[in-house]
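Report on one structure; see the data block that follows.
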Ligand code: SF4
């Protein structure tokens, strides 16, 4: 992509965020603290949209130290405290007592139950009371995200969901980060293009799919954590007009 096209992409993305702030607040941005999310964090905080779009992360209790360190980098750089949403302690305890700490390796069902407790339930709490939510998902990230639109109707949560980076490539993300000196998760320098919980994420080899290091023991079709899935199926998403 040449510089003019990249500048147009950045402008369009900032306009999407401004539109969310103007027309769909209160809004929340669900940040996984990965590279894509740092692009949006930078745009939201430098654009002074935080009063309309607050930022939270799902602090699952199983994140890498490098991921948690990003919270400090955001505080240092933007003087902003990302809100951590944590799982219900009693639900975590019951899962571990019944199944073991790392039972998610045993089956897709066990893995989804762990994700439900540590991610889905806290996400539902974080979204409550908001009109829209924002993710850093990109269409090119995986087979499960190929149909992603910038603006969608999230029927599961009955709210509007924005994916402002839907059209961005991985190269665009890194171009923005380098040109704007945006802080990022140092795991990206160690072979982790996609970052999740520590026991469920590993580094990948050059040429492998970007999400190959997530739940690597499962089939590609099952590789979502449930944040965009209901009853084991991808949420039926309706694209809606972006000038609404
Ligand atoms: S990614 Fe792994 S550790 Fe994290 S919630 Fe899902 S199954 Fe549990």
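The values are calculated or read from the model by the stated rules, or taken from the named source; none is laboratory data. These numbers come from a predicted model, not from an experiment. Here the Cβ positions follow ideal geometry from the backbone for every residue, glycine too, while neighbour counts run over all protein chains shown.
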### Task
Among the residues of region 53-98, write down those that are farther than 22 Å from residue 43 by Cα and without any contact (Cβ under 8 Å) to a residue 12 or more places away in the chain.
65, 89, 90, 93, 94, 96, 97, 98
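Could you please let me know if residue 183 is assigned to a loop (DSSP other than H, G, I, E, B), more than 16 Å from residue 33 (Cβ to Cβ) and either modelled with pLDDT under 80 or more than 16 Å from the ligand (Cβ to nearest atom) (or both)?
no
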### Query
Which ones in region 14-47 are in a helix (DSSP H, G or I), within 16 Å of the chain's Cα centre (by Cα) and surrounded by 21 or more Cβ atoms within 10 Å (Cβ to Cβ)?
17, 35, 36, 37, 38, 39, 40, 41, 43, 44
### Query
Restricting the search to region 122-144, which residues are touching a strand residue (DSSP E or B) at 6+ places or on another chain (Cβ under 9 Å), surrounded by 18 or more Cβ atoms within 10 Å (Cβ to Cβ) and not in a loop (DSSP other than H, G, I, E, B)?
122, 123, 126, 127, 132, 133, 134
### Query
Taking region 202-213 as the region of interest, how many residues are in contact with a strand residue (DSSP E or B) (Cβ under 6 Å, 6 or more places away or on another chain) and either at positive phi or within 11 Å of the ligand (Cβ to nearest atom) (or both)?
0
### Task
Among the candidates 112, 119, single out the residue that is within 16 Å of the ligand (Cβ to nearest atom), farther than 18 Å from residue 56 by Cβ, in a helix (DSSP H, G or I) and touching a strand residue (DSSP E or B) at 6+ places or on another chain (Cβ under 9 Å).
112
## Note on the structure
Sole miss for residue 164 among (1) within 16 Å of the ligand (Cβ to nearest atom); (2) surrounded by 22 or more Cβ atoms within 10 Å (Cβ to Cβ); (3) within 19 Å of residue 53 (Cβ to Cβ) is condition (1)
